[in-house]
Amino acid sequence: MEKDIEDLTETQKMLILLLGAKNFEPIINHLRLQKIFFYSLLLISESEEEKKELLEAVGFYPHKFGPYSETLEEDVEQLSLAGIIEYESLDEKTKNIRLTEKGKNIFNYLVKQFQEDLIKILEEAKDFLNDEKVTDKEVLAFIYTLEKDYTAKSNVIDLIEKNKVKYAINLYKKGKISIERASEIAEKSISDFKKLL
């Protein structure tokens, strides 16, 4: 196991920690994995400079569904080949990305080496964006308001923009975001947003 851990990149370690967060709850799909990882980096960052460095280090760039990292996808594949991650493939879609028993053992070793704050951030991001009650489009509506630069090449930006009020209301009613964040997504004042509820 020590050899496996020595060979891990920092991104792979964080990916294992993310998959181990919330009692090893599987991540629903690749879109969620990408957005949860992206959101986690935003939460970890203590400054604009640090945020930029972290996002660049993981290789995030604007893509057809917003922020995307090929590095992250490659890491999932490498960790799968190493027997650390497994997932279901259905209709060319990857679902339920999870740690194997080997992966869980590595997580249990790694978790002791990282600050408790990081684990809490990963749990918070996973709790919010990996919820089956939240749709992929609602996840995108939330993510798109955080970093607009990453929506430049989105294929679904028009759809998200057109339905942003609906998504904001849904996220608020599901208890996932505050009324302040919901009004930001809807691009309304708080008082105007309250009238829509």
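No value in this document is a laboratory result; all are computed from the given coordinates. Computed from a prediction, not measured in an experiment: that's the story for all the values here. When we count neighbours, we look across all protein chains shown, and the Cβ atoms used for this are built from the backbone with ideal geometry, even at glycine.
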*If amide H atoms are built 1.01 Å from N in the plane of the peptide, which residues on other chains or at least 5 residues away come under 5 Å of the amide H of residue 94?*
30
*Rel. contact order, % - alpha carbon contacts under 8 angstrom, at least six apart, the chain*: 26 percent
_What is the sum of charges, Lys and Arg at +1 and Asp and Glu at -1, for the other residues whose Cβ falls under 14 Å from the Cβ of residue 170?_
+4
*Among 183, 82, 108, flag the residue with its Cα farthest along the positive direction of the charge dipole of region 62-197, charges on Cβ as +1 for Lys/Arg and -1 for Asp/Glu.*
183
*What full-extension length gain, to one decimal in nm, is calculated for residue 100 and residue 43 as 0.36 nm per residue of separation minus the Cα-Cα distance?*
17.8 nm
_If you filter region 57-100 for GluC sites (Glu not before Pro), then keep DSSP loop positions with at most 12 other Cβ within 10 Å, what is left?_
92
*Would you kindly state how much longer the chain becomes between residue 169 and residue 195 on full extension, computed as 0.36 nm times their sequence separation minus their alpha carbon distance, in nm to one decimal?*
8.3 nm
*For region 1-44, list residues with backbone N below 19 Å from a point placed 7 Å from the Cα of residue 113 toward its Cβ?*
1-21
*Would you mind working out the magnitude of the charge dipole of the chain relative to its Cα centre, with +1 at each Lys and Arg C-beta and -1 at each Asp and Glu C-beta, to the nearest 20 Debye?*
1160 debye
*So which of 95/194; 52/102; 162/195; 22/162 end up more than 29 Å apart by C-alpha?*
95/194; 52/102; 22/162
*Which of the peptides 130-136, 169-175 is most tightly packed, and how do the rest follow, judged by the mean count of other Cβ atoms within 10 Å per residue?*
169-175, 130-136
*Theoretical ellipticity at 222 nm over the chain - DSSP helices of four or more residues, -39500 (n - 2.57) apiece, nearest 500*: -18500 deg cm²/dmol
*Separation of alpha-carbon centers, region 19-63 and region 117-173, rounded to whole Å*: 13 Å
_Rounded to the nearest angstrom and ordered from largest down, what semi-axes does the equivalent ellipsoid of region 132-197 get from its C-alpha gyration tensor (root of 5λ)?_
19, 13, 10
*Which net charge results for the neighbourhood of residue 182, defined as the other residues with beta-carbon distances under 13 angstrom from its beta-carbon, given Lys and Arg at +1 and Asp and Glu at -1?*
+4
*Extending each Cα 7 Å along its Cβ direction at residue 187 and residue 137, get the distance between those two points in nm, one decimal.*
1.7 nm
_Computed lengthening from residue 82 to residue 9, 0.36 nm per intervening residue step minus Cα-Cα distance_ = 24.9 nm
*Tell me, 178, 40, 45 in order of fewest to most beta-carbon neighbours within 10 Å?*
178, 45, 40
*Can you list which of the chymotrypsin sites (Phe, Trp or Tyr not before Pro) found in region 1-104 are DSSP loop residues with at most 14 other C-beta atoms within 10 Å?*
none
